[in-house]
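Peer 1: Sharing a structure here in structure tokens format.
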Amino acid sequence: MCLGIPGQIVSISDEVNHMAMVDVSGVQREVNIMCVVEADKAPEDYIGEWVLVHVGFAMSHLDEEEAQRTLALLAELGEFQEELDQMQQGVTAEEQPL
Amino acid sequence: MKYVDEFRDPDTARKLVQQIQRLTNSIMAQRAEAGNTRPLQLMEFCGGHTHTIFRYGIEQLLPNAIELVHGPGCPVCVLPRGRVDDAVALASRPEVIFTTFGDAMRVPGSKKSLLQAKADGADIRMVYSPLDALKLAKENPEREVIFFALGFETTMPSTALTLLQAERQGITNFSLFCNHITTVPTIEAILGDPDMILDGFLAPGHVSMVIGEAPFQFVAEEFHKPLVITGFEPLDILQSLTMVLMQIHDGRTEVENQYKRVVQKQGNSPGQQAIKTVFEIRDFFELRGLGSVDHSGVRIRDAYARFDAERKFPVAGLTVTDPAGCQCGEVLKGLIRPWQCRQFGEQCIPQTPMGALMVSSEGACAAYYQYSDVQALKIKRHEGSGGKERAFT
Amino acid sequence: MSDVITLAHGSGGKAMEELIRTVFVSTFDNSELTNMEDQARFDLAELQQQGHRLAFTTDSYVVDPLFFPGGDIGKLAVTGTVNDLAMGGAKPLYLSCAFIIEEGLPIDTLKKVVRSMQDTAREAGVSIVTGDTKVVHKGSCDKLFINTAGVGVIAEGVNIRAQGAQVGDAIIINGYLGDHGAAIVDARGDLALQNSIESDCQPLNDLVQTMLAVCPDIHCLRDATRGGLATVLNEFAQASDCCMQVDETKLPIRSEVRGMCEILGLDPLYLANEGKLVAVVPSAAADQLIQTMQNHSAGCHSAIIGHVTATPKRGVLMTTGFGSQRIVDRLVGEQLPRIC
């Protein structure tokens, strides 16, 4: 629906208007972070956080654990796939050439 | 690029494609026993997904038994020509600086597009963010800055928060021409169509980022279709396809979330709050190709009428029917493939787009035209042969 | 002399004569110009010693802003025309330059641009031998427009043509894609993106001569300016009636350019370059040519990005990082940033 790209908050540029500088692979842009800040946390606490940027707004956090979990799932799929392929080729684990 | 490159790994893609192949084979075998040999029709609702699918040639990697139906989830594709005429009229007012996203510049109204209006002298400027439009208003106090607000729930918070900032800073020469659309009624309009045959859904991840998972439950519970909330990298799409196929294979219909690194179950509350504060649901709103759809648009609440360009300036509110022979509606609902439309590659080409699906790079027809062998597709239409064509032969 | 250009400077009187003498002639500083004739004159016999065909080209430059990271309108005005000559295998010799100046342009700005033109001309080994100046009313042109035309000589046996591509040929580019397009977006500032990317604006005539020395039989050669790599490949495919197959993983693109493209939804294949050439050469010569190019200052990131085939159809095909293939078509209009 809409182009969103991960970026890392590198500095707070305007606390009153909730603006921060975000870095996307070396390109920096000032974005609004109202949608990702909680009242009890100071804006500076968000420096280093990864957020999803859309039309100049940080719209969501990027959850590092979830990202790793998804990637792990995909990797597991890979091993599961190889075993399947080997079974289909009639090569059992013991006969596998070392 | 972190969180991007890891989700574009070709080896993982190949494994996902193999799993999709195996799942499809067993589903088709199951169905064949019941005499059903129709290909599986899976809709990716969002234009962003359509773009990734074509950019990575994903359709070619899929078995023939899967047909991807490219849905209407592209704000420019469903923008009625009458609203473009209204935008052109607003932009042509001497006191106005009209700001818009790049996507909307080329959409033709009944007479001209914003790009043509700019050439005729209207002060139309492309912006990346609504906040840039607000900045223009601050820098040009003697002019009236209007922002062409487009997009689904993903983009609504940014427009709402910009309006609230204008109010806070006492900026009065700023207003919105609001054309935001709601996702759920649009999906209902498609699923409600009797001749719609869809086997599963890839739901727009960035809409869910804002509104959460719950609003999509009706697709699983009322319409009994599997639905997976999907990210925008190629691996996200392939993984989501396997999850939809798994549900079909097991006979389940649920809402699953593949894009957990971004989408939280309850969505984004500050974003939802901003939307509720500034907008209210319209009784109905015209969506190009789908006609008038109840509750499918939002309007600015009375409390913020002074920021509503439709109340600040005379707006004709024209409704303009699509050119005769334009079959965008049928393509949007997946009833026909883009190349089965009689105008595709004939009168309707990127240079002279008849329908919105040919205008925006998100539109299915524009994507087919750019990434497929158009001549081969036209021959296939003339031969009248149905079925799935390779995106690239 | 007033510190701002006025209509007087374009009226043919003393003010214009002084401007030409103190800004143009003194900076470009060559015998042809100092004669102050209405035309430069050349001895044909002398030209014929360097080759048997004359190359002639022209281009206009309207870049906004006038100054951007890695270059300016002056450097661009010389580089663009020198490169167009070089792409024909010609050795660029002489340039003309015509200025259309909006009244009110600070003279210091004009001097900086002219200085940059002369520096680039010297680097490319060409002389600016004739020119013209017009001044227009405020608002009828955006600060400064420059047109340059150029003359060069093509040596015997050099026959580079867009129709020249043959099946099996290698496709080569001389470095990173999209730098100029990214630098302009940054400099223009309306999208408020800050990056440290510099335009790749550079003369390529010396690089081309070095390439010809190692591979005299270059089939096709063109600089990938507006419309980027995708446009040039489509032009070659059309003219040579063949298929240009490129491998996405071989395309050198800086991470910052990729970052900017991801934010704005742009495709680097279509971003403008001002110092990149696309060459189609016999595959046998490709490896040695690449090595030579990589040792040249204008080609250190040269890469073989694909090859020419007859099938499946005329056009440009890209093998994605995924192993799937997609057609790379020409754009209808300019590539606009998108949100969806």
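Peer 1: Tell me which of B:Ile197, B:Phe174, B:His249 sits at the most positive position along the dipole axis of chain B, charges placed on C-beta atoms (Lys, Arg +1; Asp, Glu -1).
Peer 2: Final value for the positive-end residue is B:Phe174.
Peer 1: Still on this structure: Please state, to two decimals, what the Cα-based radius of gyration of region B:110-176 comes to when divided by 2.2 N^0.38 Å (N = residues).
Peer 2: Working: Rg = 12.9 Å, N = 67, 2.2 N^0.38 = 10.9 Å.
Rg over 2.2 N^0.38 Å, computed on Cα atoms: 1.19.
Peer 1: According to a simple spin-label model (label point 7 Å from Cα along Cα-to-Cβ), what is the distance in nm between B:Val374 and C:Asp119?
Peer 2: In this crude label model, C:Asp119 to B:Val374 measures out at 4.5 nm.
Peer 1: While we're looking at this one, here's another question. Viscosity 1.002 mPa s, temperature 20 °C: give me the Stokes-Einstein translational D for region C:162-327 in µm²/s, with Rh taken as the Kirkwood radius over C-alpha pairs.
Peer 2: 134 µm²/s
Peer 1: Rounded to two decimal places and with Rh computed the Kirkwood way over Cα pairs, what is Rg over Rh for chain B? It would help to have the intermediate numbers written out before the result.
Peer 2: On the way: Rg = 21.3 Å, Rh = 21.8 Å.
Ratio of gyration radius to Kirkwood radius: 0.98.
Peer 1: Over the Cα atoms, compute the radius of gyration (one decimal) and Dmax (the largest Cα-Cα distance, rounded to a whole number) for region C:104-213, in Å.
Peer 2: Considering region C:104-213 through its Cα atoms, Rg and Dmax are 18.9, 56 Å.
Peer 1: Just want the answer: with Cβ charges of +1 for Lys and Arg and -1 for Asp and Glu, which residue in C:Thr22, C:Ala149, C:Val78 is farthest toward the dipole's positive end in region C:7-154?
Peer 2: C:Val78
Peer 1: I'd like the Karplus ³J(HN,Hα) series for region A:55-68: coefficients 6.51, -1.76, 1.60, θ = phi - 60°, whole numbers in Hz, and an x wherever there's a Gly or Pro.
Peer 2: 6, x, 10, 7, 9, 6, 6, 9, 7, 4, 5, 4, 4, 5
Peer 1: Which part of region C:173-192 falls in the paramagnetic zone of A:Asp14, meaning amide N under 14 Å from the point 7 Å along Cα-to-beta-carbon?
Peer 2: So the set is C:192.
Peer 1: As an exercise, use a Förster radius of 41 Å and the Cβ-Cβ distance of A:Ala39 and B:Ala119 to find the FRET efficiency, rounded to the nearest 0.05. Walk me through the numbers before you get to the answer.
Peer 2: Numbers: r = 48 Å, r/R0 = 1.17.
The value I calculate is 0.30.
Peer 1: With a cut-off of 19 Å, note down the residues of region B:299-330 whose backbone N falls inside the zone around a label point 7 Å from the Cα of B:Ser292 toward its beta carbon.
Peer 2: B:299-300, B:315-323, B:329
Peer 1: Further, regarding this structure: Give me the number: length gained by fully extending B:Lys138 to B:His382, i.e. 0.36 nm times residue separation minus the C-alpha to C-alpha distance, one decimal in nm. The partial results should precede the final answer.
Peer 2: Details: separation 244, 0.36 × 244 = 87.84 nm, distance 5.63 nm.
Separation in residues times 0.36 nm, less the Cα-Cα distance, equals 82.2 nm.
Peer 1: Hey, what number do you get for chain C at 222 nm if only DSSP H runs of n ≥ 4 count, each worth -39500 (n - 2.57), divided across all residues, to the nearest 500? Write out the running numbers ahead of the final one.
Peer 2: Details: 10 runs with 102 residues, N = 340.
Result for chain C, helices only: -9000 deg cm²/dmol.
Peer 1: What are the extents of the Cα atoms of region B:19-152 along their three principal axes, in Å, largest first?
Peer 2: Projected onto the principal axes, the Cα atoms of region B:19-152 cover 71, 29, 21 Å.
Peer 1: Using bins 10 angstrom wide from zero, how does P(r) for region B:328-383 break down, in % of all Cα pairs?
Peer 2: Histogramming region B:328-383 at 10 Å steps yields 28, 62, 10 percent.
Peer 1: Once the convex hull of the C-alpha atoms of region B:163-223 is built, how many Å³ does it hold per residue, rounded to a whole number?
Peer 2: On the way: hull volume 6.7 nm³, N = 61.
Considering the Cα atoms of region B:163-223, their hull volume per residue is 110 Å³.
Peer 1: May I ask you to derive the FRET efficiency for C:Glu334 and C:Thr249 from their Cβ-Cβ distance with R0 = 22 Å, giving the value to the nearest 0.05? Walk me through the numbers before you get to the answer.
Peer 2: On the way: r = 27 Å, r/R0 = 1.25.
Efficiency, rounded to the nearest 0.05: 0.20.
Peer 1: Could you work out the relative contact order of chain C? I mean the mean sequence separation of Cα pairs under 8 Å and 6+ apart, divided by the number of residues, in percent. It would help to have the intermediate numbers written out before the result.
Peer 2: Values: 766 pairs, mean separation 71.2, N = 340.
Relative contact order of chain C: 21 percent.
Peer 1: Let me ask another. Provide Rg and Dmax in Å for region B:85-149, with only Cα atoms included in the calculation.
Peer 2: 11.0, 33
Peer 1: A further question on this structure: Can you list residues whose amide H is under 5 Å from B:Cys74's amide H, if they're 5+ apart or on another chain and H is modeled 1.01 Å from N?
Peer 2: Distant-sequence amide H within range of B:Cys74: B:Gly47.
Peer 1: Here's another thing I want to ask about it. Step through the residues of region C:222-236 one at a time and calculate ³J(HN,Hα) from phi using the Karplus curve (6.51 cos²θ - 1.76 cosθ + 1.60, θ = phi - 60°), rounding each to whole Hz and writing x for Gly and Pro.
Peer 2: Calculated HN-Hα couplings, in order: 7, 8, 8, 8, 4, x, x, 4, 4, 5, 5, 4, 5, 5, 5 Hz.
Peer 1: Can I ask one more? Under 19 Å from a point placed 7 Å out from the Cα of B:Met196 along the Cα-to-Cβ direction: which residues of region B:217-242 have their backbone N that close?
Peer 2: B:217-230
Peer 1: Normalising by the residue count of chain B, find the relative contact order in percent from Cα pairs under 8 Å and 6+ residues apart. Show your work: numbers first, answer last.
Peer 2: Working: 717 pairs, mean separation 78.9, N = 393.
Rounded, it is 20 percent for chain B.
Peer 1: If you average 1/r over every pair of different alpha-carbon atoms in chain C and take one over that average, what Kirkwood value in Å do you get? Before the final figure, lay out each step's value.
Peer 2: Numbers: mean 1/r = 0.0472 Å⁻¹.
When all Cα pairs of chain C are included, the Kirkwood radius is 21.2 Å.
Peer 1: How large are Rg and Dmax for region C:263-326 when only the alpha carbon atoms are used, in Å?
Peer 2: According to the Cα coordinates of region C:263-326, Rg and Dmax are 14.4, 40 Å.
Peer 1: Ignoring everything but the protein chains, give the 1.4 Å probe accessible area of B:Glu310 in square angstrom, nearest 10.
Peer 2: 50 Å²
Peer 1: Grab the eigenvalues of the alpha-carbon gyration tensor for the protein assembly as shown, scale each by 5, take roots, and send me the semi-axes largest first in whole angstrom. Walk me through the numbers on the way to the answer.
Peer 2: Values: eigenvalues 459, 253, 121 Å².
Rounded to whole Å, the semi-axes are 48, 36, 25.
Peer 1: Continuing with this model, one more query. Could you give the length gained on full extension between C:Asp3 and C:Asp43, defined as 0.36 nm per residue of separation minus the Cα-Cα distance, in nm? Intermediate values should be presented prior to the final figure.
Peer 2: On the way: separation 40, 0.36 × 40 = 14.40 nm, distance 3.93 nm.
The span from C:Asp3 to C:Asp43 would gain 10.5 nm if fully extended.
Peer 1: Considering Cα pairs under 8 angstrom that are at least six residues apart, work out the relative contact order of region C:1-153 and quote it in whole percent. Walk me through the numbers before you get to the answer.
Peer 2: Values: 262 pairs, mean separation 58.4, N = 153.
Computed value for region C:1-153: 38 percent relative contact order.
Peer 1: Still on this structure: Report, in degrees rounded to the nearest 10, the 0 to 90 angle that the Cα long axis of helix C:283-294 makes with the longest principal axis of chain C.
Peer 2: Tilt relative to chain C: about 50 degrees.
Peer 1: If I model region B:230-292 as equal point scatterers sitting on the Cα atoms and use the Debye formula, what is log10 I(q)/I(0) at q = 0.15, 0.19 Å⁻¹?
Peer 2: -0.80, -0.92
Peer 1: While we're on this one: HN-Hα J couplings of region B:331-346 from phi, Karplus 6.51/-1.76/1.60, θ = phi - 60°, integer Hz, Gly and Pro as x?
Peer 2: Values per residue, Gly and Pro as x: 5, 4, 8, x, 6, 10, 7, x, 6, 7, 6, 4, 8, 4, x, 9 Hz.
Peer 1: Show the residues, 5+ positions off or on another chain, whose built amide H is closer than 5 Å to the amide H of C:Val316.
Peer 2: Sorted by chain and number, the residues that satisfy this are C:Met244, C:Val328.
Peer 1: Then there's this: Mind checking the full-extension length gain between B:Glu254 and B:Ala303? Use 0.36 nm per residue of separation minus the Cα-Cα distance, one decimal, nm. Present the calculation step by step, with values, prior to reporting the outcome.
Peer 2: Numbers: separation 49, 0.36 × 49 = 17.64 nm, distance 3.91 nm.
My answer for the length gained is 13.7 nm.
Peer 1: Next question. In Å and whole numbers, how far do the C-alpha atoms of region B:264-351 stretch along each principal axis, longest first?
Peer 2: 48, 42, 25
Peer 1: Given C-alpha coordinates of region B:173-272, what is the ratio Rg to Rh with the Kirkwood estimate of Rh?
Peer 2: Numbers: Rg = 14.7 Å, Rh = 14.4 Å.
Taking Rh as the inverse mean 1/r over Cα pairs, Rg/Rh reads 1.02.
Peer 1: Still on this structure, please answer the following. As an exercise, use a Förster radius of 60 Å and the Cβ-Cβ distance of C:Lys134 and B:Asn25 to find the FRET efficiency, rounded to the nearest 0.05.
Peer 2: Working: r = 72 Å, r/R0 = 1.20.
Result of the calculation: an efficiency of 0.25.
Peer 1: If you wrap a convex hull around the C-alpha atoms of region C:7-154 and split its volume per residue, what is the figure in Å³?
Peer 2: Values: hull volume 15.2 nm³, N = 148.
In region C:7-154, the Cα convex hull volume per residue is 103 Å³.
Peer 1: Can you sort C:Thr81, C:Thr292 by 1.4 Å-probe accessible area, starting with the largest?
Peer 2: Details: C:Thr81 0, C:Thr292 30 Å².
Descending accessible area places them as C:Thr292, C:Thr81.
The values are calculated or read from the model by the stated rules, or taken from the named source; none is laboratory data. Computed from a prediction, not measured in an experiment: that's the story for all the values here. No Cβ is skipped: glycine too gets one built from the backbone with ideal geometry, and neighbour counts run over all protein chains shown. For the accessible areas, the whole protein counts, side chains as well, though only heavy atoms, and no ligand, DNA or RNA atoms are used. Shrake-Rupley method; radii C 1.70, N 1.55, O 1.52, S 1.80 Å.
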